[in-house]
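Notes to accompany the following structure.
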Amino acid sequence: MAAPERMAEASAARTPDRFDAIVVGAGFAGMYGLHRLREMGLSVRVYERGGDVGGTWYWNRYPGARCDIESQEYSYSFSSDLQQDWNWSERYGTQPELLAYANHVADRFDLRRDIRFETRVAAAEYDDASRLWTVTTDTGETATAPIFILATGNLSTPQLPDIPGVGDFAGRRFHTGDWPREPVDFTGRRVGVIGTGSTAIQAIPAIAEEAKHLYVFQRTANFSVPAHHGPMTDDFRAAAKAAYDETRRLARTTPFGIARFPAPTRSTFDVSDEERQEIYEKAWAMGGQALLFSFNDLLISEAANETAAEFVRNKIRATVNDPEVAELLCPDDHPIGTKRLCLDSHYFETFNRKNVTLVDVRTTPITEITASAVVVGDRPYEIDDLVLATGFDAMTGAARDIDIRNGNGLGLRDAWADGPRTYLGLMVAGFPSLFMITGPQSPSVKSQMILSIEQHVDLIASIVGRMRDAGAKAVAATADAQKNWVDHANELAETTLYTKANSWYMGANTPGKPRMFMPYAGGVGRYKETCDRIVAEGFTGFVFEG
Ligand code: NA7
């Protein structure tokens, strides 16, 4: 049914639809949330602004898009049949394959019948008397439920750069996080890419293959390691499937929720310089995030971190032919790993191509974008296509986009004016029965996301189960529990090097956003133990009402 027809139907009906739970988002979080709650017998309505399931993998269709965690780990574990039946074809899932997987899950568990697509939730208001959330959509629909769940993703609000004239560009303009559904052909075109974060680092080699000329506008150089991407062999796939019970269990005990990367035990200076170099070389050959798991102090000690950082810089110098370009590509303003460590397929080699020019916009910033050019200082770079790989209003952007108000009329935006504050990254004190999946102060983006999504959904399910058992109509986090959790999360972050980078983890990429490290830095294993203990002790820090 088209949106206007739905609006007419909704206003004709006048009374809001009533559900046991309303979920925003049909990415991996919303999909599993729907399935899990439905299995408990709840009636659930999911609203999704996209035209189908997949979330991140629905929107981020830019060339070269793929996951930076290996496929056998980056997948659901809740259904043994699903993980045995599905066959990943590549070591790191491509965007089309991940989207196909999301579609397969939606079909297999018949999820779409409870999802309203192309429908954005505009507002949600809690009523203390009825203990219900009323949700309003941009199609004019309203619905109520005692439980309201944000499965809105951590990187789902694309951000345009605050460059004068960005709206004046007359050629084709794309944001990587809102890429067209149809393939985009860059053959014979002059293309400009603004940004050199993980997205751009994936897209640049792919666009360079097609473009007549590619200008890469770099403000901050980033650390990147080779993915050593390739097909998944039948033997590897069979072994991974046979070992799933053990690897999934192990993953839940590790810092990042990745079985392949248990907590390292050695410190950087426990070994000789030669041995350290060998360890880094092995990690480099293995590819992916392995380098960061070489020693246990790489994200704590600046001196330790510098050994890994310089190892990567030397790899860049050895790869890029022009020494001046190589030096520009060497990151020098943040410790390695404090921004997302990028995984690439021939990124640095791309700058040896004749049709690729690196433009340093740190020394001389972009002054404006005109109808046909990106102007750096006073030099215009004429282009046909502009690709903005400029990132997201991360972690809080999607929640802040919805006008969420509690029973006193207080907005979540106002409650978070000085930065997000949550209990376990799951609930916000003063906002009863509002849950967020992988919210700030939970491991979220510092973990294998699907594992963290499953852990949060399962936790929500146990809280909802407890509500049912106790005959409670609402659940809330206490202000004390939230304060203690935020203090704990902040203290942990301060012991790491994460706070030294101007990263989106710190909110530093979004003008006006308070500076704080938003994910939980204590690791997946420790976080899960804490949550399990809280449940075992009778849901400490939660109050069941009514
Ligand atoms: P990121 O990591 O936030 O990168 C955005 C890039 O855009 C980064 O290089 C920025 O430079 C650059 N940028 C943003 N605004 C400007 C302006 N005004 N001028 C020049 N350059 C600019 O986003 P990604 O999409 O790459 O990655 C996000 C996450 O998605 C990633 O970490 C993975 O977890 C998946 P800056 O560093 O701010 O100088």
Of 193, 166, which residue is surrounded by 23 or more Cβ atoms within 10 Å (Cβ to Cβ) and either more than 16 Å from the ligand (Cβ to nearest atom) or at pLDDT 95 or above (or both)? 193
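Looking at region 81-130 only, could you name the residues that are in a loop (DSSP other than H, G, I, E, B) and not hydrophobic (A, V, I, L, M, F, W, C)? Give the derivation first.
Going through region 81-130, the residues in a loop (DSSP other than H, G, I, E, B) turn out to be 86-89, 91, 109-111, 117-120, 128-130.
Matches in region 81-130: 87, 89, 91, 110, 118, 119, 120, 128, 130.
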Of all the residues that make up region 212-227, how many are more than 14 Å from residue 348 (Cβ to Cβ), open to solvent by 10 Å² or more (accessible area, probe 1.4 Å) and either at pLDDT below 95 or more than 14 Å from the ligand (Cβ to nearest atom) (or both)? 2
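A quick yes/no check of all residues on (1) under 28 Å from residue 161 (Cβ atoms); (2) buried (at least 17 other Cβ atoms within 10 Å of the Cβ); (3) away from the ligand (no atom under 16 Å from the Cβ):
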position	(1), (2), (3)
490	no, no, yes
494	no, no, yes
512	yes, no, no
517	yes, yes, no
528	no, yes, yes
532	no, no, yes
536	no, no, yes
541	no, yes, yes
545	no, no, yes
Collect the residues in region 131-150 that are open to solvent by 10 Å² or more (accessible area, probe 1.4 Å) and in a loop (DSSP other than H, G, I, E, B), keeping them in residue-number order. 131, 138, 140, 146
Please enumerate the residues belonging to region 262-276 that are part of a loop (DSSP other than H, G, I, E, B), within 11 Å of residue 294 (Cβ to Cβ) and open to solvent by less than 80 Å² (accessible area, probe 1.4 Å). 264, 267, 271
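Within region 391-398, can one find any residue that is over 30 Å from residue 217 (Cα atoms) and assigned by TED's automatic domain parsing to the domain that holds residue 147? Quick ask: steps written out before the conclusion?
Initially, region 391-398 is screened for residues over 30 Å from residue 217 (Cα atoms), giving none.
Scanning region 391-398 turns up no residue that is over 30 Å from residue 217 (Cα atoms) and assigned by TED's automatic domain parsing to the domain that holds residue 147.
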Of all strands (runs of 3 or more DSSP E) fully inside region 319-428, the set with 2 or more residues that are open to solvent by less than 60 Å² (accessible area, probe 1.4 Å) and more than 16 Å from the ligand (Cβ to nearest atom) is 403-405
Taking region 228-243 as the region of interest, how many residues are within 18 Å of residue 90 (Cβ to Cβ), modelled with pLDDT of 95 or more and either open to solvent by less than 20 Å² (accessible area, probe 1.4 Å) or among the aliphatic types (A, V, I, L, M) (or both)? 4
Taking region 277-294, which residues are crowded, with 21+ Cβ neighbours inside 10 Å and among the basic types (Lys, Arg)? none
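The values are calculated or read from the model by the stated rules, or taken from the named source; none is laboratory data. Values in this document were obtained by computation on a predicted structure and should not be read as measured data. All Cβ positions, glycine included, derive from the backbone under ideal geometry; neighbour counts span all protein chains shown. Heads up: the accessible areas ignore ligands, DNA and RNA and are worked out on the full protein's heavy atoms, side chains in. Shrake-Rupley method; radii C 1.70, N 1.55, O 1.52, S 1.80 Å.
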